Amino acid sequence: MIYLDNAATTKMFEEGVDLYKKYACHSFFNPSAGYGEAGEIKKDIASVRRSIMKKLDVLQGDIIFTGGATESNNLAIMGSRRNGKTEYVFSMGGHPSVYNVAKELERMGFVVHFVNLQENGQIDYKHLESLLNDKTRLISVEHISNETGAVNDLKQIENLRDKLSPKALLHVDGVQSFCKLNVSLSKVHADFYTFSAHKFHGPKGVGGLYVRNINNLKSIVFGGGQEEGFRSGTENVGGIMAMGLAVEKIDVEKNLKYVKSLKEKMVSILSQDNHVHVNDFEGSPYIFSVWFEDVNAETLMRAVAGKGVIVGTGSACSSKKAGNRVLENMGFNKQQIKSHIRISFCADLNIEEVEKAGRILLETYNEIREKVL
Ligand code: PMP
């Protein structure tokens, strides 16, 4: 099988599974317990916090471990300080775990603005500029779109925030960028940054939220007071440790260079066919979208899966729903949207696999197209 849906999830590192097992079967103590063994676990968890801060290139702030990015996004948005301001600004490109929280805030009576996307999938910075004011409480944007790979310019967003609503907090959904792009939160002053382990070869159901100033956050889960009271519930120790292993193991720079070459190969193959449209927006090399004239993406996806090639049709979380908010906002029409697939890489793939998958995609597309035309 050639798996090209790494934006949906990735395969765990085997060493991470071994480490998980160690913390599940041997060092299985509850980190909140009073005996020495438990204290050791607390220290191990603290070392993962340090690894993550290092990867984010930041000294100041805290890491709150959560049950994954959906929870981190909810925590950042619903738990962000109520500083007397009433307006929120969200990207139209946000993952449902952000977009649906925004919709909930709207139902609660807050003023919620959505920033449109440009044709290249990045947010429209001019539109953002027009929405910010001194009532803005929180701005939430995805660093990299999980649908298209478009990379938002965080520095530009931060500068607009500083100029027009300096008290507003900035939340970045970093799920598709953490451990994939070099992220420096010393240079970009996001207040919250979300990540999820299973997107970078860690386990599912564990992730976290970077918080620059803990005074800006309130808990949304109440209980035993773990994670300094910001996320009650016994820590997923094995998951956190396996995530830490992945963070340590991944060489972002090296992988990025390599994955770029994989994307270039795939784009060069797909571009040989005039009826195939690669959305090559110079986004993240890990994710790109492409649409195939006259053919339904679901049909193509199933047909290539039958030949051992796995691709996505948009975000796994939204693939069941009709339409696609993100692509629609970028200006694609219904037919084009229906023909879109998403290809997403990881550094485990080799170039021969990518070449083979590209050929299978083109061959299969032409077989289907001949039948439908
Ligand atoms: N944000 C983005 C950008 C994502 O791609 C995803 C996963 N598709 C999530 C949030 C949600 O992550 P999780 O399923 O781990 O909660």
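The values are calculated or read from the model by the stated rules, or taken from the named source; none is laboratory data. Owing to the predicted nature of the structure, the values given are computational and were not obtained by experimental measurement. Positions of Cβ are generated from backbone atoms using ideal geometry, with glycine treated the same way; all protein chains shown enter the neighbour counts. Each accessible area value is taken on the protein alone, full model and side chains, heavy atoms only, with ligands, DNA and RNA left out. Shrake-Rupley method; radii C 1.70, N 1.55, O 1.52, S 1.80 Å.
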(message) Looking at the stretch 335-352 only, could you name the residues that are of a type outside the set (S, T, N, Q) and either at pLDDT below 95 or surrounded by 17 or more Cβ atoms within 10 Å (Cβ to Cβ) (or both)?
(response) Ile337, Lys338, His340, Ile341, Arg342, Ile343, Phe345, Cys346, Ala347, Leu349
(request) Filter the stretch 93-127 down to residues that are within 21 Å of the chain's Cα centre (by Cα) and of a type in the set (A, V, I, L, M, F, W, C), then give me how many there are. (result) 7
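This table checks each residue for (1) open to solvent by 30 Å² or more (accessible area, probe 1.4 Å); (2) more than 16 Å from the ligand (Cβ to nearest atom).
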site: Lys11; (1), (2): yes, no
site: Tyr23; (1), (2): no, yes
site: Tyr35; (1), (2): yes, yes
site: Lys42; (1), (2): yes, yes
site: Leu56; (1), (2): no, yes
site: Ile64; (1), (2): no, no
site: Glu87; (1), (2): no, yes
site: Pro96; (1), (2): no, no
site: Gly109; (1), (2): yes, yes
(message) Being open to solvent by 10 Å² or more (accessible area, probe 1.4 Å), assigned by TED's automatic domain parsing to the domain that holds Thr66 and either over 23 Å from Val326 (Cα atoms) or aliphatic (A, V, I, L, M) (or both) is true for just one of Lys199, Lys163, Lys155. Which residue is that?
(response) Lys163
(request) Have a look at Val237, Val247, Val206 and point out the one that is within 15 Å of Val17 (Cα to Cα) and touching a His at 6+ places or on another chain (Cβ under 9 Å). (result) Val206
(message) Being outside any loop (DSSP other than H, G, I, E, B), among the β-branched types (Val, Ile, Thr) and either in the same structural domain as His127 (by TED's automatic domain parsing) or within 16 Å of the ligand (Cβ to nearest atom) (or both): is that true of Val188 here?
(response) no
(message) Could you go through the stretch 210-231 and let me know if any residue there is modelled with pLDDT of 95 or more, within 12 Å of the ligand (Cβ to nearest atom), of a type outside the set (Phe, Trp, Tyr) and open to solvent by less than 30 Å² (accessible area, probe 1.4 Å).
(response) no
